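Inspection log for the structure reproduced underneath, given as structure tokens.
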Amino acid sequence: MNLNFSEFSPNQRYHLMTQTIIPRPIAWALTDSSNGQFNLAPFSYFTAVSSAPPILMISVGNKPNGDKKDTLVNVVNNKKMVIHIASEQNAAVVTQTAETLAHGESELTKSALKTVAFENFSLPRLANCDIAYGCELYEIKELGDVPQSLIFVEVKQIYINDNVIELDEKQRIKVHADKVKPLARLGGGEFATINKPFSMARPK
């Protein structure tokens, strides 16, 4: 089957892309709503784009009514974000936090998720995530007619649970993916996690 994207609507293209770009990591993004509440939302159009500077990108569309999503509004206003790597055990609550709420209504309150202080960072992090990035806004680019907002953030620090790491023979941090059990997005309502990691030597 060979499909010409020019023949499809944006929704059809989205369906095809999310069915075929698999698996996709999920950015579980926490931002400050500036009213004593925190917004938490998952995004699977998410990736690392640079190491120098260390930049992550999440792609954010609008709410169904056309309003800008709280994550975008909050990061524009406050310039900070904490991106978590959710685990398999978080699957149900990750999906719950994708619900569209009124601005300022916190997913943390509805889900009863707990936060803890993120040392040396102005926002807290989720207590039940093994990996969290403390980020500052780097740049926002808008694409398309809708538009889609690409939020680039610079990683200022990272939290990694001691229980999922060890030092390798070069004294570098080795993260055990099978202990993190990262949650990944597939198409439709499907999710996945890793099964058994394997190693291969890279050609020199």
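The values are calculated or read from the model by the stated rules, or taken from the named source; none is laboratory data. Worth saying up front: this structure is predicted, and the values here are computed from it rather than measured. Using ideal geometry, Cβ is built from the backbone for each residue, glycine included, and neighbour counts are taken over all protein chains shown. Heads up: the accessible areas ignore ligands, DNA and RNA and are worked out on the full protein's heavy atoms, side chains in. Shrake-Rupley method; radii C 1.70, N 1.55, O 1.52, S 1.80 Å.
Note on the stretch 16-27: among residues that are in contact (Cβ under 8 Å) with a residue 60 or more places away in the chain and assigned to a helix (DSSP H, G or I), the one that is surrounded by the fewest Cβ atoms within 10 Å (Cβ to Cβ) is THR20.
Answer yes or no as to whether LEU167 is over 24 Å from ARG24 (Cα atoms), of a type in the set (A, V, I, L, M, F, W, C) and either crowded, with 18+ Cβ neighbours inside 10 Å or touching a Phe, Trp or Tyr at 6+ places or on another chain (Cβ under 6 Å) (or both). Here the answer is no, as LEU167 does not meet what is asked.
For the stretch 61-84, check the following and say yes or no: at least one residue is part of a strand (DSSP E or B), modelled with pLDDT under 95 and out of contact with any His (no Cβ under 7 Å at 6 or more places or on another chain). Break it down into steps so the answer makes sense when it comes.
Step one: filter the stretch 61-84 for residues part of a strand (DSSP E or B), giving 62, 68, 80-84.
Filter once more, so that each one left must be modelled with pLDDT under 95: 62, 68.
If we keep only those that are out of contact with any His (no Cβ under 7 Å at 6 or more places or on another chain) too, we end up with 62, 68.
Looking through the stretch 61-84, at least one residue is part of a strand (DSSP E or B), modelled with pLDDT under 95 and out of contact with any His (no Cβ under 7 Å at 6 or more places or on another chain).
Checked across the stretch 144-160, the condition of being crowded, with 16+ Cβ neighbours inside 10 Å and more than 22 Å from SER50 (Cα to Cα) holds for no residue.
Would you be able to say whether some residue in the stretch 28-44 is within 15 Å of the chain's Cα centre (by Cα), surrounded by 17 or more Cβ atoms within 10 Å (Cβ to Cβ) and outside any strand (DSSP E or B)? Full working, then the answer.
The initial filter retains those residues of the stretch 28-44 that are within 15 Å of the chain's Cα centre (by Cα), namely 28-31, 39-44.
Then drop every residue that is not surrounded by 17 or more Cβ atoms within 10 Å (Cβ to Cβ), which leaves 28-31, 39-44.
Now restrict to residues that are outside any strand (DSSP E or B): 44.
So far as the stretch 28-44 goes, yes, one or more of its residues are within 15 Å of the chain's Cα centre (by Cα), surrounded by 17 or more Cβ atoms within 10 Å (Cβ to Cβ) and outside any strand (DSSP E or B).
Residues in the stretch 55-83 that are polar (S, T, N, Q) and closer than 16 Å to GLU105 by Cβ were compared, and the one that is nearest to the chain's Cα centre (by Cα) is THR71. Looking across the stretch 117-151, the residues that are within 18 Å of ALA86 (Cα to Cα), in contact with a Leu (Cβ under 8 Å, 6 or more places away or on another chain) and assigned to a strand (DSSP E or B) come down to ARG125, LEU126, ALA132, TYR133, GLY134, CYS135.
Being not hydrophobic (A, V, I, L, M, F, W, C) and not in a helix (DSSP H, G or I) is the filter here; which residues of the stretch 85-112 pass it? Residues satisfying the conditions are SER87, THR97, GLU99, THR100, HIS103, GLY104, GLU105, SER106.
Restricting the first member to the stretch 1-15 and to residues that are farther than 15 Å from GLY187 by Cβ, and the second to residues that are outside any helix (DSSP H, G or I) and open to solvent by 100 Å² or more (accessible area, probe 1.4 Å), the beta-carbon pairs closer than 8 Å and six or more apart or on different chains are PRO10/VAL146.
Of everything in the stretch 77-118 that's among the basic types (Lys, Arg) and under 21 Å from ILE131 (Cβ atoms), which residue is least open to solvent (accessible area, probe 1.4 Å)?
First pass over the stretch 77-118, keeping only residues among the basic types (Lys, Arg): 79-80, 110, 114.
Of the ones still in play, those that are also under 21 Å from ILE131 (Cβ atoms) are 80, 114.
On the way: LYS80: 51, LYS114: 142 Å².
For the stretch 77-118, the residue satisfying everything is LYS80.
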